[in-house]
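Please read the structure below before turning to the comments.
The values are calculated or read from the model by the stated rules, or taken from the named source; none is laboratory data. Keep in mind that this is a model prediction, so the values were computed, not measured. Cβ coordinates were reconstructed from backbone atoms using ideal geometry, including for glycine residues, and neighbour counts include every protein chain displayed.
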Amino acid sequence: MGKVYISKKKYAFYAYSFLIRHLDHKQQRALELFEHAETVTARQVGELFGFKPRTSAHLCSQWVTDGFLIIANPSNKARSYRLAQQFQKLVPEAR
């Protein structure tokens, strides 16, 4: 058998597959947002999935409760979220 070469970006997903199995499909897709920025807003999450603002705010709130996200800026107008420490390993360091 030959060696399998994978990019650094995909390495995190292979190395931490046990963490990925605990995420639902939406959470897995939301990881894409954290490849480009350390914090995201509910609006960005809504744009990714095509949700209305209230739905995306509720989803982010649920993810905070589940431990997937942490509130980075608690203000009502500019609320932003960052990835919980245990899931930051899944995102490449290319920010």
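Observations on the structure shown:
- Output for the stretch 31-45, where each listed residue is free of Cβ contacts under 8 Å to residues at least 24 places away in the same chain and more than 15 Å from Ala78 (Cα to Cα): Glu32, Leu33
- Leu23 of a type outside the set (Lys, Arg) and at pLDDT 95 or above: no
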